[in-house]
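Read through the structure below, which is laid out as C-alpha coordinates, and then see the notes.
The values are calculated or read from the model by the stated rules, or taken from the named source; none is laboratory data. Bear in mind that the values here come from a model prediction, so they are computed numbers and not experimental data. Cβ placement follows ideal geometry from the backbone for every residue including glycine, while neighbour counts extend to all protein chains displayed. Just the protein is used for accessible areas: all its heavy atoms, side chains included, with ligands, DNA and RNA removed. Shrake-Rupley method; radii C 1.70, N 1.55, O 1.52, S 1.80 Å.
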Amino acid sequence: MAGSAPRVRVNRLVLYTVLVVITGLFLGPFGWLVLSGLKTPAELAASPVHWLPAHVQWHNFADAFNLVDFLGYARNSLVIALIYATLVTLSSAWVGFGFARLEAPGRKALFGILLGSMMLPQMITLLPTYLIFAKLGMADTYWPWVLWGLSSAPYLVFLFRQFFAALPRELEEAAIVDGCGYTGIFWRIFLPQSWPVLSASFVIAFTWTWGDYIAPQLLLSTDRTTLAVAVTSTYVTSAGTPVTNLQAAASVMYVVPILLVFLVAQRGFVAGMSTSGLK
(Lines give C-alpha, C1' and ligand atoms only; values in the text may rest on other atoms or scores of the structure.)
Protein backbone atom coordinates (compact mmCIF):
# COMPACT_ATOMS: atom_id res chain seq x y z
CA MET A 1 0.00 0.00 0.00
CA ALA A 2 2.86 2.36 0.81
CA GLY A 3 4.32 2.03 -2.65
CA SER A 4 1.01 2.48 -4.45
CA ALA A 5 0.73 6.23 -3.81
CA PRO A 6 3.94 7.19 -5.70
CA ARG A 7 2.91 4.87 -8.52
CA VAL A 8 -0.47 6.60 -8.75
CA ARG A 9 1.20 10.03 -8.85
CA VAL A 10 3.55 8.88 -11.61
CA ASN A 11 0.64 7.50 -13.63
CA ARG A 12 -1.26 10.75 -13.23
CA LEU A 13 1.80 12.76 -14.25
CA VAL A 14 2.21 10.63 -17.37
CA LEU A 15 -1.49 10.92 -18.17
CA TYR A 16 -1.52 14.71 -17.74
CA THR A 17 1.63 15.02 -19.85
CA VAL A 18 0.04 13.03 -22.66
CA LEU A 19 -3.15 15.13 -22.42
CA VAL A 20 -1.16 18.37 -22.56
CA VAL A 21 0.75 17.17 -25.62
CA ILE A 22 -2.45 16.11 -27.38
CA THR A 23 -4.11 19.41 -26.48
CA GLY A 24 -1.12 21.28 -27.88
CA LEU A 25 -1.35 19.32 -31.14
CA PHE A 26 -5.01 20.22 -31.50
CA LEU A 27 -4.50 23.88 -30.58
CA GLY A 28 -1.36 24.26 -32.68
CA PRO A 29 -3.13 25.00 -36.00
CA PHE A 30 -5.41 27.56 -34.36
CA GLY A 31 -2.42 29.22 -32.67
CA TRP A 32 -0.61 29.38 -36.01
CA LEU A 33 -3.73 30.91 -37.56
CA VAL A 34 -3.79 33.63 -34.88
CA LEU A 35 -0.10 34.38 -35.45
CA SER A 36 -0.68 34.53 -39.21
CA GLY A 37 -3.42 37.08 -38.65
CA LEU A 38 -0.96 39.29 -36.80
CA LYS A 39 1.73 39.30 -39.52
CA THR A 40 2.31 41.25 -42.70
CA PRO A 41 1.97 39.54 -46.10
CA ALA A 42 5.76 39.71 -46.51
CA GLU A 43 6.29 37.83 -43.24
CA LEU A 44 3.82 35.15 -44.28
CA ALA A 45 5.63 34.66 -47.58
CA ALA A 46 9.12 34.78 -46.08
CA SER A 47 11.49 31.82 -46.24
CA PRO A 48 12.64 30.56 -43.78
CA VAL A 49 9.46 30.82 -41.80
CA HIS A 50 8.99 33.73 -39.40
CA TRP A 51 7.39 32.07 -36.41
CA LEU A 52 6.52 35.31 -34.61
CA PRO A 53 5.54 38.66 -36.14
CA ALA A 54 8.24 41.32 -35.94
CA HIS A 55 5.57 43.94 -35.31
CA VAL A 56 2.12 42.77 -34.26
CA GLN A 57 -0.46 43.92 -36.82
CA TRP A 58 -3.59 44.24 -34.69
CA HIS A 59 -5.23 46.33 -37.39
CA ASN A 60 -5.48 43.21 -39.59
CA PHE A 61 -8.53 42.17 -37.60
CA ALA A 62 -10.17 45.56 -37.98
CA ASP A 63 -9.36 45.61 -41.70
CA ALA A 64 -10.76 42.10 -42.19
CA PHE A 65 -13.92 43.14 -40.38
CA ASN A 66 -14.42 46.41 -42.26
CA LEU A 67 -13.34 45.53 -45.82
CA VAL A 68 -16.37 43.26 -46.32
CA ASP A 69 -19.86 43.06 -44.88
CA PHE A 70 -18.61 40.76 -42.15
CA LEU A 71 -21.67 41.07 -39.93
CA GLY A 72 -23.99 40.52 -42.89
CA TYR A 73 -22.26 37.30 -43.90
CA ALA A 74 -22.13 36.19 -40.26
CA ARG A 75 -25.87 36.83 -39.98
CA ASN A 76 -26.51 34.66 -43.03
CA SER A 77 -24.41 31.86 -41.53
CA LEU A 78 -26.18 32.19 -38.19
CA VAL A 79 -29.66 32.07 -39.73
CA ILE A 80 -28.87 29.00 -41.83
CA ALA A 81 -27.10 27.23 -38.96
CA LEU A 82 -29.93 27.87 -36.48
CA ILE A 83 -32.63 26.80 -38.95
CA TYR A 84 -30.87 23.59 -39.89
CA ALA A 85 -29.62 22.68 -36.40
CA THR A 86 -33.05 23.15 -34.80
CA LEU A 87 -35.00 21.26 -37.46
CA VAL A 88 -32.53 18.41 -37.92
CA THR A 89 -32.24 17.87 -34.16
CA LEU A 90 -36.00 17.52 -33.74
CA SER A 91 -36.52 15.43 -36.88
CA SER A 92 -33.61 13.13 -36.00
CA ALA A 93 -35.00 12.70 -32.50
CA TRP A 94 -38.37 11.70 -33.95
CA VAL A 95 -36.84 9.19 -36.38
CA GLY A 96 -34.53 7.81 -33.70
CA PHE A 97 -37.51 7.36 -31.39
CA GLY A 98 -39.29 5.37 -34.08
CA PHE A 99 -36.33 3.07 -34.67
CA ALA A 100 -35.80 2.57 -30.93
CA ARG A 101 -39.33 2.03 -29.63
CA LEU A 102 -41.62 1.01 -32.50
CA GLU A 103 -41.86 -2.51 -33.88
CA ALA A 104 -42.34 -2.83 -37.64
CA PRO A 105 -41.34 -5.29 -40.38
CA GLY A 106 -38.00 -4.41 -41.94
CA ARG A 107 -37.04 -2.00 -39.18
CA LYS A 108 -33.50 -3.36 -38.84
CA ALA A 109 -32.98 -3.37 -42.61
CA LEU A 110 -34.12 0.25 -42.87
CA PHE A 111 -31.82 1.22 -40.03
CA GLY A 112 -28.93 -0.51 -41.79
CA ILE A 113 -29.70 1.37 -45.01
CA LEU A 114 -29.82 4.61 -43.04
CA LEU A 115 -26.40 3.99 -41.53
CA GLY A 116 -25.07 2.88 -44.91
CA SER A 117 -26.04 6.25 -46.40
CA MET A 118 -23.32 7.84 -44.25
CA MET A 119 -20.77 6.11 -46.47
CA LEU A 120 -21.79 8.11 -49.54
CA PRO A 121 -19.30 10.91 -50.30
CA GLN A 122 -20.85 14.35 -50.52
CA MET A 123 -19.30 14.93 -53.93
CA ILE A 124 -21.52 12.23 -55.44
CA THR A 125 -24.71 14.08 -54.51
CA LEU A 126 -23.59 17.61 -55.43
CA LEU A 127 -24.84 17.71 -59.01
CA PRO A 128 -28.20 15.96 -58.35
CA THR A 129 -28.76 18.21 -55.34
CA TYR A 130 -28.20 21.36 -57.34
CA LEU A 131 -30.37 20.19 -60.23
CA ILE A 132 -33.25 19.26 -57.91
CA PHE A 133 -33.27 22.58 -56.07
CA ALA A 134 -32.79 24.54 -59.29
CA LYS A 135 -35.77 22.78 -60.88
CA LEU A 136 -37.86 23.52 -57.80
CA GLY A 137 -36.88 27.20 -57.87
CA MET A 138 -35.12 26.97 -54.49
CA ALA A 139 -31.66 28.05 -55.63
CA ASP A 140 -30.50 31.26 -53.94
CA THR A 141 -32.94 30.68 -51.06
CA TYR A 142 -32.64 29.11 -47.63
CA TRP A 143 -35.30 26.47 -48.37
CA PRO A 144 -32.71 23.72 -49.04
CA TRP A 145 -31.54 23.96 -45.43
CA VAL A 146 -35.13 23.77 -44.22
CA LEU A 147 -35.75 20.61 -46.24
CA TRP A 148 -32.42 19.10 -45.18
CA GLY A 149 -33.32 19.82 -41.57
CA LEU A 150 -36.74 18.19 -41.88
CA SER A 151 -35.13 15.12 -43.47
CA SER A 152 -33.04 14.28 -40.35
CA ALA A 153 -29.38 13.20 -40.41
CA PRO A 154 -28.23 9.55 -40.21
CA TYR A 155 -25.56 10.11 -37.58
CA LEU A 156 -27.90 12.09 -35.33
CA VAL A 157 -30.63 9.47 -35.80
CA PHE A 158 -28.10 6.89 -34.61
CA LEU A 159 -27.32 8.95 -31.49
CA PHE A 160 -30.99 9.34 -30.59
CA ARG A 161 -31.80 5.73 -31.38
CA GLN A 162 -29.07 4.50 -29.02
CA PHE A 163 -30.21 6.85 -26.27
CA PHE A 164 -33.93 6.07 -26.54
CA ALA A 165 -33.27 2.32 -26.73
CA ALA A 166 -31.62 2.48 -23.30
CA LEU A 167 -34.66 4.01 -21.56
CA PRO A 168 -36.86 1.60 -19.55
CA ARG A 169 -39.80 0.08 -21.39
CA GLU A 170 -41.97 0.72 -18.34
CA LEU A 171 -42.03 4.44 -19.15
CA GLU A 172 -44.01 4.05 -22.33
CA GLU A 173 -46.10 1.15 -20.99
CA ALA A 174 -47.31 3.30 -18.12
CA ALA A 175 -48.07 6.15 -20.52
CA ILE A 176 -50.02 3.83 -22.84
CA VAL A 177 -52.07 2.56 -19.90
CA ASP A 178 -52.92 6.19 -19.10
CA GLY A 179 -54.16 6.64 -22.68
CA CYS A 180 -51.16 8.47 -24.14
CA GLY A 181 -50.23 7.76 -27.77
CA TYR A 182 -46.71 7.46 -29.13
CA THR A 183 -46.68 11.09 -30.24
CA GLY A 184 -47.47 12.20 -26.69
CA ILE A 185 -44.95 9.72 -25.29
CA PHE A 186 -42.24 11.21 -27.49
CA TRP A 187 -42.99 14.87 -26.69
CA ARG A 188 -43.93 14.52 -23.02
CA ILE A 189 -41.67 11.73 -21.74
CA PHE A 190 -38.78 10.83 -24.01
CA LEU A 191 -37.78 14.20 -25.46
CA PRO A 192 -37.55 16.02 -22.08
CA GLN A 193 -35.21 13.29 -20.82
CA SER A 194 -32.92 13.47 -23.84
CA TRP A 195 -31.40 16.89 -23.20
CA PRO A 196 -27.80 15.56 -23.31
CA VAL A 197 -28.33 14.14 -26.81
CA LEU A 198 -30.34 17.19 -27.86
CA SER A 199 -27.46 19.43 -26.83
CA ALA A 200 -24.85 17.25 -28.56
CA SER A 201 -26.92 16.98 -31.74
CA PHE A 202 -27.56 20.72 -31.89
CA VAL A 203 -23.86 21.54 -31.48
CA ILE A 204 -22.87 18.98 -34.13
CA ALA A 205 -25.50 20.20 -36.62
CA PHE A 206 -24.67 23.86 -35.96
CA THR A 207 -20.98 23.17 -36.54
CA TRP A 208 -21.72 21.27 -39.76
CA THR A 209 -23.68 24.17 -41.20
CA TRP A 210 -21.48 26.98 -39.93
CA GLY A 211 -18.41 25.32 -41.42
CA ASP A 212 -20.01 24.20 -44.68
CA TYR A 213 -18.44 25.79 -47.74
CA ILE A 214 -19.70 23.65 -50.62
CA ALA A 215 -23.49 23.99 -50.30
CA PRO A 216 -23.57 27.80 -49.88
CA GLN A 217 -21.07 28.22 -52.72
CA LEU A 218 -23.23 26.01 -54.92
CA LEU A 219 -26.70 27.32 -54.07
CA LEU A 220 -26.41 30.92 -52.87
CA SER A 221 -25.55 34.21 -54.55
CA THR A 222 -22.91 36.58 -53.25
CA ASP A 223 -25.39 38.65 -51.21
CA ARG A 224 -26.97 35.61 -49.53
CA THR A 225 -23.86 33.51 -49.07
CA THR A 226 -22.29 32.60 -45.75
CA LEU A 227 -19.21 33.70 -43.88
CA ALA A 228 -17.32 30.53 -44.84
CA VAL A 229 -17.55 31.44 -48.52
CA ALA A 230 -16.85 35.12 -47.90
CA VAL A 231 -13.65 34.42 -45.95
CA THR A 232 -12.19 32.33 -48.76
CA SER A 233 -13.26 34.45 -51.72
CA THR A 234 -13.52 38.15 -50.82
CA TYR A 235 -10.09 39.00 -49.39
CA VAL A 236 -8.23 39.42 -52.66
CA THR A 237 -6.30 42.17 -54.40
CA SER A 238 -7.41 43.82 -57.64
CA ALA A 239 -5.34 41.22 -59.48
CA GLY A 240 -7.17 38.39 -57.73
CA THR A 241 -4.30 37.44 -55.40
CA PRO A 242 -5.41 36.35 -51.90
CA VAL A 243 -4.51 38.67 -49.04
CA THR A 244 -3.44 35.88 -46.73
CA ASN A 245 -2.97 37.85 -43.51
CA LEU A 246 -6.49 39.27 -43.75
CA GLN A 247 -7.85 35.83 -44.57
CA ALA A 248 -6.15 34.47 -41.46
CA ALA A 249 -7.54 37.29 -39.29
CA ALA A 250 -11.03 36.76 -40.71
CA SER A 251 -10.72 33.01 -40.15
CA VAL A 252 -9.95 33.57 -36.47
CA MET A 253 -13.09 35.69 -36.09
CA TYR A 254 -14.98 33.06 -38.08
CA VAL A 255 -13.96 30.26 -35.69
CA VAL A 256 -14.72 32.15 -32.46
CA PRO A 257 -18.55 31.69 -32.56
CA ILE A 258 -18.15 27.92 -32.88
CA LEU A 259 -15.79 27.89 -29.90
CA LEU A 260 -18.30 29.90 -27.87
CA VAL A 261 -21.16 27.57 -28.79
CA PHE A 262 -19.13 24.55 -27.76
CA LEU A 263 -17.96 26.13 -24.50
CA VAL A 264 -21.53 27.00 -23.54
CA ALA A 265 -22.91 23.56 -24.43
CA GLN A 266 -19.87 21.41 -23.68
CA ARG A 267 -21.35 19.70 -20.63
CA GLY A 268 -24.42 18.57 -22.53
CA PHE A 269 -22.30 17.71 -25.57
CA VAL A 270 -19.96 15.44 -23.61
CA ALA A 271 -22.85 13.87 -21.71
CA GLY A 272 -24.75 13.20 -24.93
CA MET A 273 -21.78 11.63 -26.67
CA SER A 274 -20.98 9.44 -23.64
CA THR A 275 -24.53 8.23 -22.92
CA SER A 276 -25.74 7.58 -26.47
CA GLY A 277 -23.72 4.39 -26.75
CA LEU A 278 -24.84 2.92 -23.41
CA LYS A 279 -27.51 0.24 -23.30
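Here the Karplus relation 6.51 cos²θ - 1.76 cosθ + 1.60, evaluated at θ = phi - 60°, turns the backbone of the range 214-230 into coupling constants of 5, 4, x, 5, 7, 10, 10, 7, 4, 5, 9, 6, 9, 5, 4, 6, 5 Hz, with x for every Gly and Pro. In whole Hz, what ³J(HN,Hα) sequence does the range 48-58 give by Karplus (6.51, -1.76, 1.60; θ = phi - 60°), x for Gly and Pro? Here the 3J(HN,Hα) series is x, 5, 8, 5, 10, x, 5, 9, 5, 9, 5 Hz. Taking all Cα pairs closer than 8 Å and separated by 6 or more residues, the relative contact order of the chain comes to 31 percent.
Amide hydrogen proximity for Val236: with H placed 1.01 Å from N in the peptide plane, the residues at 5 or more positions away or on another chain lying under 5 Å are Val243.
Each Cα pair under 8 Å and six or more residues apart adds its separation to the average, and for the range 95-181 the resulting relative contact order is 55 percent.
Among all helices in the chain defined by DSSP H, which have a length of 24 Å or more along the axis from Cα atoms plus a Kyte-Doolittle mean of at least -0.5?
4-37, 70-101, 244-275
Solvent exposure of the range 128-194, expressed per residue, is 54 Å² of accessible area, with all protein chains present and a 1.4 angstrom probe. A simple packing score, the average count of other Cβ atoms within 10 Å per residue, orders the peptides 198-207, 11-20 as 198-207, 11-20, with the highest score first. Rolling a 1.4 Å probe over the protein heavy atoms gives the range 35-106 an accessible area of 53 Å² per residue. Split the accessible area of the chain by element, probe 1.4 Å, and carbon with sulfur accounts for 70%.
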